[in-house]
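Asker: Structure in C-alpha cells, see below.
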Amino acid sequence: MSKHTITLTVNGTEVTKEVEARTLLVHFIRDDLELTGTHIGCDTTSCGACTVMLNGRTVKSCTVFAVQANGAAIETIEGVANGATLHPLQEGFWEKHGLQCGYCTPGMIMSAKHLLAKNPNPTEEEIRWGISGNLCRCTGYNKIVEAIQYAAAKMQAAEEVPA
Amino acid sequence: MTTFHDPTKPKHVADRFENKHAAPVGSSAVVATTEEVRVTTPPEICGMGHRMKRKEDPRFIQGKGRYIDDIKLPGMLYMDIVRSPYAHAKILNIDTSAALAMPGVLAVITGKDLAAHGLHWMPTLMSDTQMVLPTEKVVYYAQEVACVIATSRYIAADAVEQVVVDYEPLDVVVDPYKALDDEVIIRDDKELKTNRIWHWEVGDQAATDAVFANAAHVVKQYMHIPRIHVASIETCGMVANYNPATGKMQLYMTTQAPHAIRTVFALVSGLPEHKIQVISPDIGGGFGGKVPVYPGYVVCAVASLLIGKPVKWIEDRSENLQADSFARDYHLEAELAADADGKIVGLRVNGLADHGCADAAANPSKFPAGLFSICTGSYDLQAAHVNFDAVYTNKPPGGVAYRCSFRVTEAVQMIERMADMMAHDLNIDPAEFRMKNFIKQDAFPYKSPTGWEYDSGNYHAALRKAMDMIGYEDLRREQAEKRARGELMGIGISSFTEVVGAGPSRDYDILGIKMFDSAEIRIHPTGKAIARFGTKSQGQGHETTYAQIIAEELGLPANDIEVEEGDTDTAPYGLGTYASRSTPTAGAAAAMAARKIKAKAKKIAAHLLEVNEDDLEWDVNKWQVKGSPEQAKTIQEIAFAAYTNHPQGMEAGLEATDYYDPPNLTFPFGSYICVVDVDSGTGEVKVRRFVAVDDCGNIINPLVVEGQIHGGLTMGLAPALFEEIVYDENGQCLTGTLADYLLPTAVESPKWETGHTITPSPHHPIGAKGVGESPTVGAPPAIANAVVDALWHLGVRHIDIPITPEKVWQALRDAGVTE
C-alpha cells in the first residue's frame with residue numbers, strides 16, 4: 001500500500017505524518033493523532049458522529065481520506081473550547097441537557113458550529129435542518145435544538161457588546 | 001405463572017427505615033396524585049426534584065468521553081470477522097491459508113479451533129444455545145464464520161477477504177408461520193427435530209371464552225409488531241486483555257450488565273471469576289442491544305487468551321444491523337370484547353414469536369414472552385387469555401428489548417390499537433371510551449386478570465391533563481371541518497401502563513441470578529463520598545441522579561458524591577441497566593444504603609452531642625437535638641468523627657452497602673395524544689403535535705426525566721413510521737446500513753410537548769418508578785391510532801407499523817381515494 005506524507009493543521013497545530021493512501025481521515029484523527037472525541041457511528045456518511053470541520057466546512061470524516069486533507073485546516077471537538085473556557089455551544093449542550101450518552105455530541109456540536117457561522121440567528125426549523133445530517137438516538141432532539149438556541153443567543157449578545 | 005406480591009409476607013427492609021417520599025404503605029391506601037415536583041433540599045445540596053445539570057457532561061461536551069474504541073493498549077491486536085453470505089448453508093471447507101500468509105496476520109480462528117476448547121457454542125440469556133462460530137452450518141445471513149486477528153484494523157479487514165469458505169446452500173425459512181410446518185429444521189443440533197421453541201399461556205381461558213360468548217361487541221385484528229434494531233450510535237465492541245503472567249483477563253466491553261456477563265464468562269470459559277474483570281466504559285447508547293453476549297465478544301476474549309496480547313474488536317454498522325440481536329417480531333391475533341354499554345370485558349391473544357435462530361431474548365427466565373401479560377393495559381376487564389408459540393427462523397438470534405421492558409411495547413401496541421378500534425366501531429370518542437374503561441384510582445393496588453398487582457395509578461388524571469394540554473375538543477372540531485373539505489387529519493390517543501423494575505427475587509432471575517441490584521456508599525473523612533452501583537448508565541444520567549438520591553437522604557451536596565459504575569472489580573454485584581430497572585432497583589438501594597449510613601450517623605451524633613439517640617431529629621443534612629436545633633452535627637462533622645472520634649466499641653468509618661430486592665415492580669403510566677396530517681396524494685404522515693403526559697411517581701431530576709421522555713418518544717416515532725429490519729425470501733437482510741434502516745433525524749422528530757402527574761409508587765423507598773422506556777412503549781400506538789383515525793371514515797381499520805407512505809397510499813388506493 002503506497003504511503004504519503006501529509007501536512008495539515010489540526011486545532012491550530014501543524015502536524016506532519018506518513019499515512020497509507022487508504023487511511024480514512026477519521027482513523028487518522030483518532031488513531032494517529034489520538035484525538036478520540038471524533039466518533040465513528042456508521043461508516044457510510046449517514047450518522048454524522050465523525051463530523052469535523054475541514055477548512056471551515058463540516059465534513060463526515062469517515063468518508064474522507066486523510067490524504068485529501070493534506071494542506072487543510074481541521075477542527076475537531078477538542079479544538080472548540082478556548083482553553084478552559086467552554087464554547088457557548090458546549091455550555092448550551094450542558095445547560096439544556098442536549099446530550100445523554102454523549103456519543104453523537106461532538107459531531108452534533110461541530111455541525112451546530114458550522115450552522116451558526118453561516119446563520120447566527122437561525123429559526124427552530126433552520127436548526128433542525130442544520131443538524132439533520134447528525135443522528136442522535138437518546139435525546140429526541142428537542143433539547144439539542146434548545147442548546148443551539150442558547151448558544152446562538154449567547155454568541156449574538158457577545159457580538160453586540162461594544163469592544 | 002403469577003406475580004402477585006403476597007401482602008401477608010413480611011414487608012421489605014424498606015419499612016424499617018424512615019420513608020419520607022413514599023406514600024403510606026397499606027393494601028388499600030389510595031395513593032394521591034399531585035403535579036408539583038417536591039423539593040426538600042436547598043440548591044447547594046441538590047437532592048431530589050432539582051433540575052441539576054448533569055455531572056457527567058463536561059467530559060462528553062469536550063470530546064473526552066472514554067468509549068470502547070477509545071481504549072488503546074500497548075501491543076494491541078485487531079479482530080475482524082468473516083461473515084456468511086447465506087442464511088442457511090452447510091460449511092464444506094474453510095481455507096485460511098491465504099489469509100494466514102499475509103504480513104501482519106497472526107491467526108484465523110474458526111469453529112473447529114473453538115471446538116477444541118469446547119467454546120464453539122454458548123448459552124443465551126434465555127438458556128437456549130447459540131453458535132459462537134459454526135462447525136457444521138450457518139443459520140443466518142451475516143453469521144460469524146471465522147475471525148481474523150492482525151496487527152491493524154486495515155490488515156484484519158484485508159485478511160477477511162482472503163478467507164475462502166465453501167458453502168452448500170440449504171432451504172431457508174424466513175416466514176415464522178412456515179417454520180411451524182417443520183419441513184426444514186433450522187436447529188438440527190437439538191434432540192427434538194422441530195422449529196418450535198416454547199409454548200406459553202397466561203390468564204384464564206375458560207373464563208375468557210365465557211366472557212366472549214356473552215359479549216355484545218367483539219373486534220378482531222391480526223397485527224405484526226415488526227423486527228427492529230436499537231441501532232445505538234455507538235456499535236458494540238471489546239478490548240480483551242489477558243495477562244499470562246497474572247492470569248487475569250480484563251474485558252473492556254460495551255455491556256449494560258457487566259457483573260452478570262462476568263459470571264457468564266466464568267461459567268463458559270472455565271476461568272476463575274476473580275480473574276475476570278469486566279469494565280464497561282462510557283457507552284454510546286444501549287437500549288437493550290448491549291445486554292446479550294455476541295459471538296464477537298467471545299472470540300475476542302479467546303484470541304487474547306490464546307495469543308496473550310490485548311485484542312480489540314469493534315463492529316461496523318452493517319455488522320451491527322445485520323447480526324446483532326433484534327427486537328420485537330411478534331405476530332399477534334387479538335380479540336377484544338365489550339358489553340352492550342361499551343365496557344371492555346375480555347381480551348384474547350394468540351401470538352407467534354419469531355426468534356430467529358436462537359431464543360436470545362434477555363427476559364427474566366420464567367417469562368418466555370417477557371412481561372407481555374401486561375397486555376390488559378390500563379383497563380379494568382373481567383378475563384383475559386394469552387396463548388403464545390415461539391419458533392426458530394433463519395434470522396439472527398433475538399429478541400432483545402428496544403428501549404422497552406421485556407415485550408411491553410408489543411403488548412401496549414396491541415391493546416391500545418384494539419381499544420381504539422372498539423371505540424371507533426361503537427362510535428364512541430376514543431378519549432371518552434378510555435375514561436369509561438380505565439381502572440379507577442381507588443382500585444389500586446389493582447390485581448389484573450393476568451396476575452399483576454399494579455402498585456399505583458391515576459389514569460383519568462393523566463388523560464384529562466393531556467386533553468387539556470392539547471386542546472382536544474378544539475382539535476376534534478378542526479378535524480370535522482377538515483374532513484368536510486376532504487383533508488385528512490387524525491387524532492390518536494395512547495393511555496399505556498408500563499411494568500418496570502425487574503424484579504422481586506421470588507420470580508425474577510436471569511440464568512438463575514436473582515434480579516436485585518446494589519449500591520455501596522463510602523463517606524470519606526472530609527465529608528465527600530463515592531458511591532458504586534451494580535447498574536451501568538448508557539446515557540441515562542446515573543452519575544447525577546444517584547448522587548441526588550444520596551444528597552436527598554444524607555444532605556451531602558450531590559456535587560460532593562462521585563458515582564461509579566461498570567467495573568466489576570470495584571462495584572457491588574448487580575444485574576445492570578435495562579428494562580427501566582435502575583431507579584426501581586439500584587436507585588432504591590442508594591436510598592437504603594444512605595439510610596443505613598444515616599442510622600450510624602445518628603449514633604455518632606448522639607455521642608458527639610452527649611445526648612440520647614432518641615433525642616435527635618434529622619433536618620436536611622444534620623442530626624439536631626429536638627427542641628434545640630442549635631445543638632446539631634452536620635453529616636460532614638459526623639463523617640469526620642467517624643474516622644477521628646467515633647464512640648468506643650463502634651466500628652470506625654461511614655459506609656454501607658445495600659442489595660435491594662424489590663417487593664414488586666413499578667407501574668409507570670401515561671396518556672399521549674398525537675395529531676397527524678396525512679397527505680392523500682403521497683401517503684406521507686406528518687406528526688403535527690404530540691403531547692405526552694407521563695407519571696413515573698416521584699421525580700429525581702425533572703431535566704433528566706424530560707430528556708428521557710423526549711428521547712423515548714423519538715424512539716417510539718421511529719418504529720411507528722420508519723424502522724423495520726427486512727429480509728428477502730433468501731433471508732438476506734435488506735436494511736444493513738443507516739441509509740436503508742431509517743432513524744428519525746431532527747427534521748422528522750416533532751417538537752415534543754411534555755407534562756406530568758405524580759402518583760408515587762407505594763412500595764419504592766423514594767416513591768419513584770422507572771421512566772426511560774415509557775415513551776417508547778406509549779408513542780407508537782398514539783401515532784398509529786392517529787393515522788387510522790384520519791382514515792377511518794374511508795373504511796381503513798388498521799395499518800401495521802411502520803406506517804410508511806407506501807402503506808398509507810395503498811390503503812387510500814384500496815379505499816378509492818387515490819388512483
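The values are calculated or read from the model by the stated rules, or taken from the named source; none is laboratory data. Worth saying up front: this structure is predicted, and the values here are computed from it rather than measured. Note that we place each Cβ from the backbone using ideal geometry, even for glycine, and neighbour counts take in every protein chain shown. Note: areas computed on protein heavy atoms with side chains; ligands, DNA, RNA excluded. Shrake-Rupley method; radii C 1.70, N 1.55, O 1.52, S 1.80 Å.
Asker: Residues B:Glu333, B:Glu319: which one is touching a Phe, Trp or Tyr at 6+ places or on another chain (Cβ under 9 Å) and open to solvent by 10 Å² or more (accessible area, probe 1.4 Å)? Explain how you work it out, then say what you get.
Answerer: Working: B:Glu319 fails: touching a Phe, Trp or Tyr at 6+ places or on another chain (Cβ under 9 Å).
On inspection, the qualifying residue turns out to be B:Glu333.
Asker: Find the residue count for region B:717-751, including only residues that are assigned to a loop (DSSP other than H, G, I, E, B), open to solvent by 30 Å² or more (accessible area, probe 1.4 Å) and more than 14 Å from every other protein chain (Cβ to nearest Cβ). Reasoning before the result, please.
Answerer: Keep residues of region B:717-751 that are assigned to a loop (DSSP other than H, G, I, E, B), which gives B:722-726, B:728-732, B:734-751.
Subsequent filtering for residues that are open to solvent by 30 Å² or more (accessible area, probe 1.4 Å) retains B:722, B:724, B:726, B:728-730, B:732, B:734, B:737, B:739-740, B:742, B:747-748, B:751.
Remaining after also requiring more than 14 Å from every other protein chain (Cβ to nearest Cβ): B:724, B:726, B:728-730, B:732, B:734.
Here the count works out to 7.
Asker: Given the criterion surrounded by fewer than 24 Cβ atoms within 10 Å (Cβ to Cβ), assigned to a loop (DSSP other than H, G, I, E, B) and of a type in the set (Gly, Ala, Ser), identify the matching residue among B:Ala245, B:Ala207.
Answerer: When all the criteria are applied, what remains is B:Ala245.
Asker: Please determine whether any residue of region B:578-585 is basic (Lys, Arg) and within 14 Å of chain A (Cβ to nearest Cβ).
Answerer: Scanning region B:578-585, I find no residue that is basic (Lys, Arg) and within 14 Å of chain A (Cβ to nearest Cβ), so the answer is no.
Asker: So, B:Ala240, is that one of a type in the set (A, V, I, L, M), under 30 Å from A:Thr139 (Cβ atoms), open to solvent by less than 50 Å² (accessible area, probe 1.4 Å) and in contact (Cβ under 8 Å) with a residue 60 or more places away in the chain or not?
Answerer: No.
Asker: On the given criteria, is B:Arg522 open to solvent by 10 Å² or more (accessible area, probe 1.4 Å), under 30 Å from B:Ile233 (Cβ atoms) and more than 14 Å from chain A (Cβ to nearest Cβ)?
Answerer: Working: open to solvent by 10 Å² or more (accessible area, probe 1.4 Å): yes; under 30 Å from B:Ile233 (Cβ atoms): no; more than 14 Å from chain A (Cβ to nearest Cβ): yes.
So B:Arg522 fails the test.
Asker: Of all residues being in contact with a Lys or Arg (Cβ under 7 Å, 6 or more places away or on another chain), in a helix (DSSP H, G or I) and aliphatic (A, V, I, L, M) in region B:595-618, which is most open to solvent (accessible area, probe 1.4 Å)? Just the residue, please.
Answerer: B:Leu608
Asker: Return yes when B:Arg506 is farther than 25 Å from B:Met253 by Cβ, more than 14 Å from chain A (Cβ to nearest Cβ) and free of Cβ contacts under 8 Å to residues at least 12 places away in the same chain and no when it is not.
Answerer: yes
Residue-by-condition table, conditions (1) within 14 Å of another protein chain (Cβ to nearest Cβ); (2) within 30 Å of B:Gly555 (Cβ to Cβ); (3) in contact (Cβ under 8 Å) with a residue 24 or more places away in the chain:
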site	(1), (2), (3)
B:Glu44	no, yes, yes
B:Arg54	yes, yes, yes
B:Asp69	yes, no, yes
B:Met76	yes, no, yes
B:Lys90	no, no, yes
B:Ala107	no, no, yes
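Asker: Are there any pairs, at least 6 apart or on different chains, whose C-beta atoms fall under 6 Å, with the first in region B:137-158 and aromatic (Phe, Trp, Tyr) and the second open to solvent by 20 Å² or more (accessible area, probe 1.4 Å), and if so, which?
Answerer: Every condition considered, the pairs that remain are B:Tyr141/B:Gln732.
Asker: Given (1) crowded, with 24+ Cβ neighbours inside 10 Å; (2) at the interface with chain B (Cβ under 7 Å from one of its Cβ atoms); (3) out of contact with any Gly (no Cβ under 7 Å at 6 or more places or on another chain); (4) within 23 Å of A:Arg57 (Cβ to Cβ), identify the lone condition not met by A:Ala81.
Answerer: Of everything listed in (1) crowded, with 24+ Cβ neighbours inside 10 Å; (2) at the interface with chain B (Cβ under 7 Å from one of its Cβ atoms); (3) out of contact with any Gly (no Cβ under 7 Å at 6 or more places or on another chain); (4) within 23 Å of A:Arg57 (Cβ to Cβ), A:Ala81 misses just condition (1).
Asker: Filter region A:1-12 for residues that are in contact with a helix residue (DSSP H, G or I) (Cβ under 9 Å, 6 or more places away or on another chain) and assigned to a strand (DSSP E or B); which is farthest from the other protein chains (Cβ to nearest Cβ)?
Answerer: A:Leu8
Asker: Quick check on this structure: which one of B:Val691, B:Val687 is of a type in the set (A, V, I, L, M, F, W, C), within 14 Å of chain A (Cβ to nearest Cβ) and open to solvent by 10 Å² or more (accessible area, probe 1.4 Å)?
Answerer: Checking each option against the conditions leaves just B:Val687.
Asker: Another question, if that's okay. Checking the conditions here, which among B:Glu553, B:Glu562 is within 36 Å of the chain's Cα centre (by Cα) and either modelled with pLDDT under 95 or assigned to a strand (DSSP E or B) (or both)?
Answerer: B:Glu562
Asker: For region B:695-716, enumerate the residues that are within 13 Å of chain A (Cβ to nearest Cβ) and of a type outside the set (A, V, I, L, M, F, W, C).
Answerer: B:Asn701, B:Pro702, B:Glu706, B:Gly707, B:Gln708, B:His710, B:Gly711, B:Gly712, B:Thr714, B:Gly716
Asker: Checking B:Asp679 against (1) open to solvent by 50 Å² or more (accessible area, probe 1.4 Å); (2) under 30 Å from A:Gly98 (Cβ atoms); (3) among the charged types (D, E, K, R), which single condition isn't satisfied?
Answerer: Looking at each condition in turn, B:Asp679 falls short on (2).
Asker: Being among the hydrophobic types (A, V, I, L, M, F, W, C) and open to solvent by less than 10 Å² (accessible area, probe 1.4 Å) is the filter here; which residues of region B:407-431 pass it?
Answerer: Answer for region B:407-431, where residues must be among the hydrophobic types (A, V, I, L, M, F, W, C) and open to solvent by less than 10 Å² (accessible area, probe 1.4 Å): B:Val408, B:Ala411, B:Val412, B:Met414, B:Ile415, B:Met418, B:Ala419, B:Met421, B:Met422, B:Ala423, B:Ala431.
Asker: If you check B:Val299, B:Val264, which single one turns out to be away from chain A (no Cβ under 14 Å), open to solvent by 10 Å² or more (accessible area, probe 1.4 Å) and farther than 26 Å from B:Pro719 by Cα? Outline the logic, then answer.
Answerer: Values: B:Val299 fails: open to solvent by 10 Å² or more (accessible area, probe 1.4 Å).
Of B:Val299, B:Val264, the one residue that is away from chain A (no Cβ under 14 Å), open to solvent by 10 Å² or more (accessible area, probe 1.4 Å) and farther than 26 Å from B:Pro719 by Cα is B:Val264.
Asker: While we're looking at this one, here's another question. How many residues, within region A:22-61, are more than 9 Å from chain B (Cβ to nearest Cβ), within 10 Å of the chain's Cα centre (by Cα) and closer than 15 Å to B:Asp70 by Cβ?
Answerer: So the answer is 1.
Asker: Where residues in region B:752-796 are in a helix (DSSP H, G or I), under 24 Å from the mean Cα position of the chain (by Cα) and among the aliphatic types (A, V, I, L, M), which of them is farthest from the other protein chains (Cβ to nearest Cβ)?
Answerer: B:Ala784
Asker: Sticking with this one: Have a look at B:Glu481, B:Glu543 and point out the one that is open to solvent by 40 Å² or more (accessible area, probe 1.4 Å), in a helix (DSSP H, G or I), out of contact with any Pro (no Cβ under 7 Å at 6 or more places or on another chain) and farther than 30 Å from B:Val817 by Cβ.
Answerer: B:Glu543 is the lone residue from the list that is open to solvent by 40 Å² or more (accessible area, probe 1.4 Å), in a helix (DSSP H, G or I), out of contact with any Pro (no Cβ under 7 Å at 6 or more places or on another chain) and farther than 30 Å from B:Val817 by Cβ.
Asker: Name the single residue that is farthest from A:Cys50 (Cα to Cα) among those in region A:129-163 being open to solvent by 20 Å² or more (accessible area, probe 1.4 Å) and at the interface with another protein chain (Cβ under 7 Å from one of its Cβ atoms).
Answerer: Applying the filter and picking the extreme gives A:Trp129.
Asker: Only one residue in B:Ala301, B:Ala334, B:Ala361, B:Ala260 is touching a strand residue (DSSP E or B) at 6+ places or on another chain (Cβ under 8 Å), in a loop (DSSP other than H, G, I, E, B) and touching a residue at least 60 places away in the same chain (Cβ under 8 Å), so which one is that?
Answerer: It is B:Ala361.
Asker: Among the residues of region B:104-118, is there at least one that is buried (at least 18 other Cβ atoms within 10 Å of the Cβ), at negative phi and in contact with an Asp or Glu (Cβ under 7 Å, 6 or more places away or on another chain)?
Answerer: No, that holds for no residue.
Asker: Residue check, B:Asn195 against (1) surrounded by 15 or more Cβ atoms within 10 Å (Cβ to Cβ); (2) farther than 24 Å from B:Ala369 by Cα; (3) in contact with a strand residue (DSSP E or B) (Cβ under 8 Å, 6 or more places away or on another chain), all met but one. Which one?
Answerer: Failing condition for B:Asn195: (2).
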